[in-house]
1. Any chance you could check the Cα centroid distance between the stretch 125-171 and the stretch 266-287 for me, in angstrom?
2. Considering every pair of different Cα atoms, what Kirkwood radius, in Å, is found for the stretch 126-272?
3. Ordered by packing density, taken as the mean number of other Cβ atoms within 10 Å over each peptide's residues, highest first, how do 239-245, 9-15 rank?
4. Taking K and R as +1 and D and E as -1, what net charge do the other residues with C-beta under 13 Å from the C-beta of V151 add up to?
5. In bins 10 Å wide, starting from 0, what share of all Cα pairs of the stretch 77-209 does each bin hold, as a percent?
6. Would the stretch 235-363 count as rounded, prolate or oblate if I go by the C-alpha gyration tensor, calling it rounded below 1.5 in a/c and otherwise prolate when a/b exceeds b/c, oblate otherwise?
7. At a Förster radius of 30 Å, what calculated FRET efficiency corresponds to the Cβ-Cβ distance of I22 and Q91, to the nearest 0.05?
8. Take the alpha carbon atoms of the chain, find their radius of gyration, then divide it by 2.2 N^0.38 Å using N residues; give the quotient.
Amino acid sequence: MSDTPINLDDLRQRIDQLDGDILRLISERANCAQQVAHVKLAQDKDAIFYRPEREAQVLRRIMSLNQGPLDSEEMARLFREIMSACLALEQPVKVAYLGPEGTFTQQAALKHFGESAVSLPMAAIDEVFREVEAGAVHYGVVPVENSTEGVVNHTLDTFMDSSIKICGEVVLRIHHHLLISETTRRDKVSRIYSHPQSFGQCRKWLDAHYPHAERVPVSSNAEAAKLVKTEWHSAAIAGDMAAKLYGLERIADKIEDRPDNSTRFLIIGNQDVPLSGEDKTSIVVAMRNQPGALHDLLEPFHRHRIDLTRIETRPSRTGVWNYVFFIDFKGHRDEPQVAAVLEEVRLRASELRVLGSYPLGVL
Ligand SMILES: C=C(O[C@@H]1C=C(C(=O)O)C=C[C@H]1O)C(=O)O
């Protein structure tokens, strides 16, 4: 360190100069994005402006170039918002999510699309699918699995009745808090509202701290937060967004039983996403009900050394004890290895549908 005293005014002058440079560069970048929109439209009058594969590449590159002092996730979040604003200049992207406002799904939608997206709360997962199918919105965001409670069956089952595709994924660390309103008698809490998945993720904490409180499942944590506003003897399990949105006080923080509690959300839409370089593919497969069916299904993945990340079984609803398999694995359907596996599975299965290939979640 030099022994010259640091001059605050000089530093602020330097910050002002850098802010001017940043402002100019962001504006130049936004101009480029507008020109990209013109090129897209010239190539296709029905152009799709949001390009998940390109956005994933931009964020990965920023995180690899970053040398601090901001950490790479923080820097990527800044660029996420710059891209969100640039995309909005091309076309404001409309996104439906499992509401009401204040849910973790809304938080996931904002994390993935940024603040410049127009986000619309839906009352149920199948309504999110319907809005996307109807073209009322460009994309949807739905929860698909939690690290503590497992898969969200409703999301998987809705894919079976829909032609919707998976265009992306986003993972959110889930922190649950116990929330009360200003009228709640905190020593008289006899009822707790929350989504069933959240009760499952906080089971041990509740057994230890509120063993006698009635646990009332509701459609979402945000719904729970809304109910608590109207009752003096109840509390809600919900996240930061719901606490802020409904003006609730946190009387217990991070009550989830597992510190790594995370939920994975899917970005659903109507587009096939090109290769981004680090991708994932999701399929749903029906096999004939015969001995060795599961082995026949999985053997091509093993032989081609494809990394499976999830397998879920769901009733096919085409007869008793008939099941389908939802499988996620690393790789993109357009990569030779993956294409070869899919071709072999297609020959062995009674039905195979590729739900989508999409970039691995970046943020
Ligand atoms: C600028 C583009 O359009 C959008 C904005 C992007 C950006 O700001 O970097 C990247 C991908 C697209 O969602 C593009 O397709 O390159």
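Each value in this text was obtained by applying a stated rule to the coordinates, not by laboratory testing. Worth saying up front: this structure is predicted, and the values here are computed from it rather than measured. Don't worry about glycine lacking a Cβ; one is built from the backbone with ideal geometry, like all the others, and counts go over all protein chains shown.
1. Taking the Cα centre of the stretch 266-287 as reference, the centre of the stretch 125-171 is 12 Å away.
2. 16.2 Å
3. In descending order of packing, they fall as 239-245, 9-15.
4. Net local charge, V151 excluded: -2.
5. 11, 36, 31, 17, 5, 0
6. Since a/c reaches 1.5 and a/b is larger than b/c, the shape of the stretch 235-363 is classed as prolate.
7. 0.75
8. Normalised Rg, Cα atoms only: 1.14.
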